[in-house]
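*Asks:* A single structure is presented below for examination.
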Amino acid sequence: MLRTVWGQLAIACDAAESAAVRAQAVARLVPERGIVARASAAWVHSGYGAPVRVDVLVPARGRRPDPHPHRVACEADLTDGDVIELGPVRVTSVQRTGIDVARLLAPAAARHVLAGLLEVGFDPDAARRRLGTMVGQRGVREARALLACDPETWGAPQPGRIRRG
């Protein structure tokens with residue numbers, strides 16, 4: 001018996017689902033220069049909140065990938081420390097993923113996604129410090145407010161799909 005991980009990737013029902021397996025599930029939607037990011041990266045890392053569409057970042061001022069109904073492509077400048085290799089794709093690190101989720105998702109959705117990232121090493125205090133270097137970027141003020149809240153108030157990670165809010 002098989003179970004679907006995401007899209008067209010299925011694994012045996014008794015097989016362990018890992019971050020590398022989830023990365024494999026979205027790999028066909030990630031161009032060579034692309035990086036899985038935002039809520040999609042949170043799902044790859046934690047297994048919570050499978051994306052409806054895969055968030056992919058490409059280098060700023062570069063060519064975006066062609067449109068695809070299962071992919072959202074955006075531009076961003078990332079440092080080497082913001083990106084890790086995971087299975088066949090590059091993914092934003094747990095820390096950078098949490099920062100972007102806090103900045104760019106609606107607060108209600110972000111809380112649940114961040115709760116899942118806490119389980120895989122997200123550090124809200126380090127994220128707040130990093131936000132201090134991101135002055136002028138979108139959502140920084142809202143992210144600071146969210147990350148200042150006690151993580152116990154974020155609720156439980158959500159196993160369903162995360163939609164943009």
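The values are calculated or read from the model by the stated rules, or taken from the named source; none is laboratory data. Keep in mind that what you see is a predicted model, and the values were worked out from it rather than measured. Here the Cβ is made from the backbone with ideal geometry for all residues, glycine too, and neighbour counts use every protein chain on show. For accessibility, only protein heavy atoms count, side chains too; no ligands or nucleic acids. Shrake-Rupley method; radii C 1.70, N 1.55, O 1.52, S 1.80 Å.
*Asks:* Once you charge only the Cβ atoms, +1 for Lys and Arg and -1 for Asp and Glu, what is the size of the charge dipole of the chain about its Cα centre, to the nearest 20 debye?
*Replies:* In debye, rounded to 20, the chain gives about 640.
*Asks:* On a 1.4 Å probe surface of the protein chains, which of His70, His45 comes out largest in accessible area, and what is the full order?
*Replies:* These residues rank, largest area first, as His70, His45.
*Asks:* In region 62-165, with Lys and Arg counted as +1 and Asp and Glu as -1 at Cβ, which of these residues, His70, Gly98, Ala127, has the Cα nearest the positive end of the dipole, that is, farthest along it?
*Replies:* In region 62-165, that residue is His70.
*Asks:* Sticking with this one: Over all pairs of distinct alpha carbons, what does the Kirkwood formula give as the hydrodynamic radius of region 8-95, in Å?
*Replies:* Hydrodynamic radius (Kirkwood, Cα only) of region 8-95 equals 13.1 Å.
*Asks:* Hey, another quick one. For the chain, what is the mean residue ellipticity at 222 nm derived from helices alone (per DSSP H run of n ≥ 4: -39500 (n - 2.57); sum divided by total residues; nearest 500 deg cm²/dmol)?
*Replies:* -10000 deg cm²/dmol
*Asks:* Under the rule of at least 5 residues apart or a separate chain, name every residue whose amide H is placed under 5 Å from the amide H of Ser93.
*Replies:* Residues meeting the amide H criterion: Val83, Ile84.
*Asks:* Follow-up question, since we're still on this one. Hey, what do the phi angles of region 75-90 turn into as Karplus ³J(HN,Hα) couplings, whole Hz, using 6.51/-1.76/1.60 and θ = phi - 60°, x for Gly and Pro?
*Replies:* Along region 75-90, the couplings run 9, 7, 9, 10, 8, 4, x, 7, 10, 10, 8, 9, x, x, 10, 9 Hz.
*Asks:* Only sites in a loop by DSSP and with at most 11 other Cβ atoms within 10 Å count here; which GluC sites (Glu not before Pro) in region 8-105 make the cut?
*Replies:* Glu32
*Asks:* What percent of all Cα-Cα pairs in region 1-44 falls into each 5 Å bin, going from 0 up to the bin containing the maximum distance?
*Replies:* Using 5 Å bins, I get a P(r) of 5, 22, 31, 23, 11, 6, 2, 0 for region 1-44.
*Asks:* When ligands, DNA and RNA are left out and all protein chains stay put, how many square angstrom of accessible area per residue does the chain have with a 1.4 Å probe?
*Replies:* I get 51 Å² per residue for the chain.
*Asks:* Now for a different question. Give, in nm to one decimal, the length gained when the segment between Arg61 and Val135 is fully stretched (0.36 nm per residue of separation minus the Cα-Cα distance).
*Replies:* Going from the current span to full extension adds 24.6 nm.
*Asks:* Return the long-range amide H neighbours of Ala10 (sequence gap of 5 or more, or a different chain), with a cut-off of under 5 Å between placed amide H atoms.
*Replies:* Val5
*Asks:* Which loop-located trypsin sites (Lys or Arg not before Pro) does region 46-136 contain, where loop means any DSSP state but H, G, I, E or B and the Cβ has at most 13 other Cβ atoms within 10 Å?
*Replies:* The qualifying sites are Arg61, Arg63.
*Asks:* Same structure again: Just the C-alpha atoms of the chain: what Rg/Rh do they give, with Rh taken as the Kirkwood radius?
*Replies:* Ratio value, two decimals: 0.95.
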